[in-house]
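Take a look at the structure below.
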Amino acid sequence: MKKISVIIPVYNEEGNIAKLHQEVADVCRSAGYEFEIIIIDDGSSDQTAEIAKRLSPVKLIRFRKNFGQTSSLDAGIKQAGFDFIITMDGDGQNDPADIPKMINYLKENNLDAVSGWRKNREDAFSKKLASRGADLLRRILVNDGIHDSGCALKVYRKECFAGLNLYGEMHRFIPAIIKIKGFKIGEIAVNHRPRQSGVTKYNWKRLIKGTIDLIAVWFWGKYAARPLHLLGGLGIFLLFLGIASSAVSIFLFFSGHDLSNTEWPLISVFFLIMGVQLFILGLMADMSSKNYYDNSKNKPYLIKEIIEN
């Protein structure tokens, strides 16, 4: 019998949470799962928490204030006790009926995570447009191989989150983060329903924060273990430009040109100073990275198994 933990972050969803909880419980019972439903109240100012208290079965986690969806997911995941972790939005737009087919798809294809793909989204045009732009940028920087990383409905094996802490707006990039660690990711089309109650929490601030966190994920995936490769490389490039512009300045000086009216000396000094600073910064970041891996439980690699014959 499959054992699943369903994680549902909610913020001011008093009109949706009871119905969604009932749908999740009905699907899990019909599929024969042993299950737990973990609801994280992210500092709601309406009756969401009071309604959630009366539900059963439920594990309710209440935040003192609104900390965001990523923090809610992190808290819920750390409380999960079963083999499979399912995450979904609390607005009722994700369809719990998709959970069994996602779990079966994960097992049949020997995957570690499956992301839902909202092929036919029931959202406003502006939200779709912003999401498409974010998805394009995500595919350019961190190609995780899926179409719809923003879909909250996902299934994970519990080991995907070993040693992983979520912050900022990083819940959208969990597939990319765990793919960097070597886990296998898949995707399957899921149903997406129109919102029946409440208002969307998505706004331009979350878009900006998400873009910044996307750049952080890109940097972590490519250069976390060796930041010197990025910063040192840029430093050497700027030093090369500084040396080249210095050579031009020296040539002009000995050719009798008045350098006080040209920008070449200033450009030379700028490139040389910036090159040295970036290279030194790369060395310091490299030492910090080594100290991080030496003094923490995290490693720049994960071992899937060790086989002895």
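Miscellaneous remarks
- Cross-link pairs exceeding 27 Å between alpha carbons, from the set K2/K65; K65/K179; K154/K222: K2/K65; K65/K179.
- Across the range 228-295, the relative contact order, built from alpha-carbon pairs under 8 Å that are at least six residues apart, equals 51 percent.
- Each of the peptides 153-165, 242-254 was scored by the mean count of other Cβ atoms within 10 Å over its residues; in descending order, highest first, they stand as 153-165, 242-254.
- Burial ordering of R64, R172, fewest other beta-carbon atoms within 10 Å first: R64, R172
- Sorted largest first, extent of the range 228-295 alpha carbons per principal axis (Å): 58, 15, 12
None of the figures in this text is laboratory data; all of them are computed from the coordinates on show. Here the structure is a predicted model, which is why all the values come from computation and not from measurement. Backbone-built Cβ (ideal geometry, glycine too); neighbour counts: all protein chains shown.
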